[in-house]
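One structure below.
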Amino acid sequence: MVISIILAHPDLKSFNHAIAKTAVETLKSNGHKVIFHDLYKEKFDPLLPAKEIPEDTRLPDKIKKHCAEIAEADGIIIIHPNWWGQPPAILKGWVDRVIRPGVAYEFLEGDSGEGVPRGLLKAKAALVYNTSNTKTQREQNVFGDPLETIWKNCIFGLCGITNFHRRMFNVIVNNTEKQRNNWLESVAKDINIFFLNDIF
Ligand SMILES: Cc1cc2nc3c(=O)[nH]c(=O)nc-3n(C[C@H](O)[C@H](O)[C@H](O)COP(=O)(O)O)c2cc1C
């Protein structure tokens, strides 16, 4: 199976990079083909230009490749820190440019965009890993856990993926090495549940 991993964190020494490394290694040892994008490393341009908005536009090769990969992925893994209750801007721009009509969703005939779209992504599962410095209860009670709504409902639900699993690792700023190792083990365990082998 082909699994797409999208990582958005500028620091190679970050826990987000450690999550990505664990995910790549575990998937490969399960026999999957991994398509890994470190958006900062590849200097992904997050700005959606006006000419790219129409569905039938001619896309730049780089965006066309991202679109083809995400459309064909059997599984998707997104990894990023919580920045102001949102993904880093580089990842928001990736969503704007890649999770586009005709690739990730479409409107039914007679619907010019006001209705409920049909999801087109064929991935059988999507996993999202986040890190933050806010305890879970405060994130939920005070901020309403916006990343859960964004990824589960606004993006993957809308694009047809309901087998969704998200994990927030917190609090990063004062954690221990033992805690980090336990968290990385839990990433490998998740992957073994969701993407064990070709029959997942
Ligand atoms: C621009 C920016 C915005 C941030 N916003 C939040 C936030 O809204 N809530 C929060 O708990 N942590 C916030 N943080 C802290 C990061 O979530 C935290 O540094 C990161 O998850 C740590 O993971 P890492 O070790 O992989 O860098 C923010 C950090 C930055 C740089």
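The values are calculated or read from the model by the stated rules, or taken from the named source; none is laboratory data. Fair warning: this is a prediction, and the values are worked out from it, not measured in the lab. Reconstructed Cβ throughout: ideal geometry from the backbone, glycine too, with neighbour counts over all protein chains shown.
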Regarding Ile70, is this residue within 16 Å of the ligand (Cβ to nearest atom) and either among the small types (Gly, Ala, Ser) or touching a residue at least 24 places away in the same chain (Cβ under 8 Å) (or both)? no
Among what's in region 8-48 and is touching a residue at least 60 places away in the same chain (Cβ under 8 Å) and among the hydroxyl-bearing types (Ser, Thr, Tyr), pick the residue that is nearest to the ligand (Cβ to nearest atom). Ser14
Does region 87-94 include one or more residues that are under 28 Å from Val171 (Cα atoms), of a type outside the set (Gly, Ala, Ser) and in a loop (DSSP other than H, G, I, E, B)? yes
List the pairs whose first member sits in region 112-134 and is farther than 12 Å from Ser4 by Cα and modelled with pLDDT of 95 or more, whose second member is of a type in the set (Ser, Thr, Tyr) and within 16 Å of the ligand (Cβ to nearest atom), and whose Cβ atoms are under 9 Å apart, counting only residues at least 6 apart or on separate chains? Thr131/Ser14
